1. Name every residue in region 93-124 that is part of a loop (DSSP other than H, G, I, E, B) and more than 19 Å from residue 48 (Cα to Cα), in order of residue number.
2. Run residue 115 past the list (1) exposed (fewer than 12 other Cβ atoms within 10 Å of the Cβ); (2) under 17 Å from the mean Cα position of the chain (by Cα); (3) under 22 Å from residue 47 (Cβ atoms) and report the number of the one that doesn't hold.
3. What are the residues in region 37-63 that are within 22 Å of residue 98 (Cα to Cα), touching a strand residue (DSSP E or B) at 6+ places or on another chain (Cβ under 6 Å) and not in a helix (DSSP H, G or I), if any?
4. Does region 30-58 hold any residues that are over 21 Å from residue 75 (Cα atoms) and modelled with pLDDT of 90 or more, and which are they?
5. Would you please name the residue that is surrounded by the most Cβ atoms within 10 Å (Cβ to Cβ), looking only at residues in region 62-92 that are closer than 16 Å to residue 32 by Cβ and over 15 Å from the mean Cα position of the chain (by Cα)?
């Protein structure tokens with residue numbers, strides 16, 4: 001990963017970084033946000049390490065229940081970051097918060113670095129949000 005100056009975390013283990021959401025906790029969720037993240041092959045390790053060493057800013061946000069980071073078994077498919085919230089308003093407060101920007105600052109810096117070199121970004125993301133209708 002040295003080609004872009006990224007330094008992966010040597011002890012990175014994505015599985016140990018994934019907070020689980022218990023079935024009991026999941027039943028409290030009235031709203032779910034799914035972030036679909038596509039990474040270029042040279043950015044996959046960096047992306048995983050960002051999650052391994054994440055700032056955990058989301059963890060104490062009001063209405064946040066938990067999240068799961070899913071890696072497709074089929075190579076080249078997007079990662080899914082699934083966050084569970086009590087309400088849509090709680091999620092919107094997170095996305096507009098200083099904690100959101102602090103929690104994503106390393107990834108935002110990576111994207112800025114690519115933009116400054118007029119290069120295609122190493123990752124793209126898109127959100128889809130869902131209201132829980134049934135369990």
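The values are calculated or read from the model by the stated rules, or taken from the named source; none is laboratory data. Values in this document were obtained by computation on a predicted structure and should not be read as measured data. Cβ atoms come from the backbone with ideal geometry, glycine included; neighbour counts cover every protein chain shown.
1. Within region 93-124, 96, 97, 117, 118, 119, 120 qualify.
2. Every listed condition holds for residue 115 apart from (2).
3. 37, 63
4. Going through region 30-58, the residues over 21 Å from residue 75 (Cα atoms) turn out to be 30-33, 53-58.
Passing the criteria: 30, 31, 32, 33, 58.
5. The extreme case among them is 63.
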